[in-house]
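Visitor: The structure that follows is given in the form of C-alpha cells.
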Amino acid sequence: MSFVRIAARTGLRRTRSATGTHSNENDVFSRGTPISKSTRTFSENNGKLPYLSSIRKVDHMSFWGRGISLTPHLESPVAQRIEEDSESELEEPRRLPGLEATRPGEKPRVVVLGSGWAACRFMKGLDTKTYDIVCISPRNHMVFTPLLASTCVGTLEFRSVAEPVSQIQSALATEPNSYFYMASCTGVDTDKHEVYCETFSEGGLTYEPHRFSVAYDKLVIASGAEPITFGINGVHDHAYFLRDVTHAQEIRKKLLLNLMLSENPGIPVEEKTRLLHCVIVGGGPTGVEFSGELSDFIMKDVRERYTHVKDYIKVTLIEANEILSSFDIGLRQYATKHLIKSGVQLVRGIVKEVHSKNIVLNDGTEVPYGLLVWSTGVGPSDFVKSLNLPKAVGGRIGIDEWLRVPSVQDVYALGDCAGYLTHTGRPVLPALAQVAERQGKYLVQLFDWIGKQNGGKAFSAQDVSLGDPFVYKHFGSMASVGGYKALVDLRQSKDANGISLAGFASWFIWRSAYLTRVVSWRNRFYVAANWATTFVFGRDNTRIQ
C-alpha cells in the first residue's frame with residue numbers, strides 16, 4: 001500500500017509537467033516497474049512483499065527539500081528513480097555560463113574574435129577608459145608572420161615572433177571587466193548580441209568541450225583565414241602549413257628528424273634522397289622566403305654538421321605560374337635567378353594528388369619528398385563560412401566602407417576574414433599583414449569617435465555619423481630570397497610605377513623594417529640577438545621532442 005501511495009504522488013507531480021499530459025498510477029508504473037510483476041510477486045509470496053527489505057528509512061525534511069511529501073517515512077529505490085526521471089522532464093534547458101549584457105552605468109563591452117594582426121592592432125589602440133575588451137581566441141599570442149619562416153630552420157627562436165595578447169593590451173590582464181578567453185567561437189547571435197564559444201583543455205577539464213556565451217555591445221570579427229588546399233586529397237594529412245608557431249615547430253622537427261634518420265646505417269640511397277627532399281608548393285612571398293631560408297640552412301649549416309648526407313639534400317619550389325606574381329617583373333626575374341643559383345629547383349606545375357611519400361603533378365610526374373610545405377594562399381575558414389552574415393567575393397564576411405557588416409547592428413569585420421561587398425564598388429583587399437594592421441588602426445579611430453558620441457552601447461550607434469570611410473594605400477612589398485639578398489617593391493599597385501630594389505641593400509632594408517615593426521621592445525631585442533647569434537655561431541639544430 002505504501003508503494004502505491006508513493007507512485008500515486010509521483011504521478012500527480014508528473015501531471016504538472018510542461019507537456020500537459022495526464023498521468024495516473026498505471027502511467028507511472030508503465031514507466032518504472034510493471035505493476036503486473038509487483039502483483040504477481042505479492043500473490044506468490046502469500047501477501048508478503050519481498051522488496052520491503054530494500055526500503056530504507058529516510059529523513060522527512062529531506063524530501064520536503066525535493067518538493068515531495070510522503071505519509072509513510074519509507075522510500076523505495078524504484079519510487080526514487082521515478083521521481084528523478086520526472087524532475088529531469090520538468091527541467092528547462094539551462095543558459096550557458098558566461099558574461100551577461102552590460103548594465104546601465106557600465107562601460108560598453110567590445111568582443112574581439114581573434115588574435116592576429118588586425119585584432120591585436122585594434123586592441124592595442126582601443127581606449128580602455130571608454131570600453132571594456134573581451135578577446136576570444138584559441139591562441140593567447142600574436143604571431144609576427146613575416147619572420148615565421150626564419151624560425152623553421154633556427155635563424156630565430158619561436159618566442160621571438162610570438163607576442164602575448166595581454167602584453168599588447170594590458171587591460172586584458174588588469175582591468176576587472178576585461179578578459180582574454182582561450183576558446184574558439186562557434187556561433188554568433190546578432191539579435192541577442194551574443195557569441196557562443198567552446199574550449200578544449202587537452203584533458204585539463206573534467207568535462208570537454210566547455211561551452212559558454214559572451215554578450216557584446218560591439219563585436220569585431222578578426223578571426224583570420226585558413227590555407228587553401230583546392231580540395232586536393234591528402235594535403236591536410238601529409239603537408240605542413242606555415243601560418244602559426246606550431247606549424248613552424250612541426251616543420252623544424254620534421255626537417256631535423258629526416259636529417260638524422262638519413263645518417264643511420266643501412267638506409268638505401270633512394271630513401272636518403274627522398275627523406276632529404278624538401279618540397280614547397282606555392283611561389284608567393286611565404287614559399288619563396290622559406291625556400292631562401294632552407295637554402296641558407298643547407299649551404300651554411302648542413303654542409304658543416306651533416307657532412308655524410310650533405311650531397312643528398314635539395315629543395316624544390318613548385319608554382320603553377322610565376323613566383324612572386326605581385327612583384328615587379330624585374331624583381332621576379334632576379335628572384336628566379338638567385339634561387340636557382342642557391343640550389344633551389346623551380347618547377348612549374350599543378351599538384352593533383354598528395355600521398356604520404358610523393359606528390360603527383362598535372363602532367364603525371366611523381367615527385368618524392370621527405371618534407372612537404374603547402375603555401376598556396378588563404379581562404380575563408382569554416383567558422384566564417386558558417387556565419388549567417390553577408391558574404392563578399394571569395395566567401396569572406398562582407399563589409400562596407402566603414403568595416404561594418406551590413407544588415408546587422410554593431411558587428412564589424414576586418415583582416416583576412418573580411419572583404420568589401422560588391423555594391424561598394426571596391427575590390428577585395430589582399431590578405432596581407434599591412435592591410436590588417438591598417439584596418440585595425442582605422443577601427444580604433446572609428447570606435448573612439450563612436451564612444452564620444454555615446455554610441456558605444458548595443459543598438460545605440462544607428463544615428464552616429466561615422467565620418468570618412470577606410471581607404472587603403474599600399475606601402476609596398478618585401479621578400480627575402482636568402483644569401484643576404486631581398487626584394488623591395490615600393491609600387492602602390494601591381495600596374496603602377498615606383499621604386500624597385502634587389503640585392504644586399506634591399507636585404508638590409510627588409511631586416512631593418514621588420515625589426516622596427518616587431519610589436520614589443522622585448523621581442524625586438526630577441527630578434528636582434530638571434531640574428532647576431534646565428535651570424536656568429538650558426539643556426540641551432542637541436543631537436544627537442
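The values are calculated or read from the model by the stated rules, or taken from the named source; none is laboratory data. No experiment lies behind these values; they were computed from the predicted model shown. Here Cβ is always computed from backbone atoms with ideal geometry, including for glycine, and neighbour counts include all displayed protein chains. Remember, those area values only see protein heavy atoms, side chains included, never the ligands or the DNA or RNA. Shrake-Rupley method; radii C 1.70, N 1.55, O 1.52, S 1.80 Å.
Visitor: I'd like the GluC sites (Glu not before Pro) in the stretch 295-353 restricted to DSSP loop residues with at most 16 other Cβ atoms within 10 Å, sorted by number.
Guide: Details: sites: E304, E319, E322, E353; in loops: E322.
Loop-located and lightly packed - E322.
Visitor: How many angstrom lie between the C-alpha centres of the stretch 182-230 and the stretch 111-161?
Guide: The two parts, judged by their Cα centres, are 17 Å apart.
Visitor: Also: Do any of K272/K314; K300/K357; K254/K357; K218/K457 go past 19 Å between their Cα atoms, and which?
Guide: Pairs exceeding the cut-off: K300/K357.
Visitor: Contour minus end-to-end for T365 and N388, with contour as 0.36 nm per residue of separation and end-to-end as the Cα-Cα distance? If you can, show how the numbers build up before the last one.
Guide: On the way: separation 23, 0.36 × 23 = 8.28 nm, distance 4.24 nm.
Between T365 and N388, full extension yields an extra 4.0 nm.
Visitor: Please list, in order, the residues from the stretch 445-461 whose amide nitrogen is less than 13 Å from a point placed 7 Å along the Cα→Cβ vector of K129.
Guide: Flagged as within label range: 452.
Visitor: Can you tell me how the stretch 83-220 classifies by the Cα gyration tensor, rounded, prolate or oblate, using a/c under 1.5 as the rounded cut?
Guide: The shape class here is oblate.
Visitor: Same structure, new question: Cβ under 15 Å from E163's Cβ, E163 left aside: what net charge do those residues give with Lys, Arg +1 and Asp, Glu -1? Please list the in-between numbers first.
Guide: Numbers: positive: R121, K124, R139, R159, R517, R522, R524; negative: E157, D244, E437.
After counting each charged neighbour, the total is +4.
Visitor: Let me ask something else. Given N residues in the stretch 211-269, what is its alpha carbon radius of gyration divided by 2.2 N^0.38 Å?
Guide: Numbers: Rg = 19.4 Å, N = 59, 2.2 N^0.38 = 10.4 Å.
For the stretch 211-269, the normalised Cα radius of gyration comes out at 1.88.
Visitor: Still on this structure, I have one more. Whole-Å semi-axes of the stretch 258-377's equivalent ellipsoid, largest first, each the root of 5 times a Cα gyration tensor eigenvalue?
Guide: Values: eigenvalues 127, 68, 19 Å².
Sorted largest first and rounded, they come to 25, 18, 10 Å.
Visitor: Rounded if a/c is under 1.5, else prolate if a/b is larger than b/c, else oblate: which is the stretch 323-385, with a ≥ b ≥ c the root eigenvalues of its Cα gyration tensor? Please list the in-between numbers first.
Guide: On the way: a/c = 2.23, a/b = 1.18, b/c = 1.89.
Taking the square roots of the gyration eigenvalues as a ≥ b ≥ c, the stretch 323-385 is oblate.
Visitor: Using a 1.4 angstrom probe on the protein heavy atoms only, line up I499, I323 by accessible area, largest first.
Guide: Values: I499 100, I323 15 Å².
Ranked from most to least accessible, the order is I499, I323.
Visitor: Taking the stretch 461-545, which trypsin sites (Lys or Arg not before Pro) meet the DSSP loop condition and have no more than 15 other C-beta atoms within 10 Å? Walk me through the intermediate numbers first.
Guide: On the way: sites: K473, K485, R491, K494, R511, R517, R522, R524, R539, R543; in loops: K473, R491, K494, R539, R543.
Passing sites in the stretch 461-545 are K473, K494, R543.
Visitor: Once you place label points 7 Å from the Cα toward the Cβ at R211 and R103, how far apart are they in nm?
Guide: So the two model labels end up 2.8 nm from each other.
Visitor: Also: Could you give the length gained on full extension between F504 and K352, defined as 0.36 nm per residue of separation minus the Cα-Cα distance, in nm?
Guide: Values: separation 152, 0.36 × 152 = 54.72 nm, distance 3.75 nm.
Full extension of this stretch gives 51.0 nm more.
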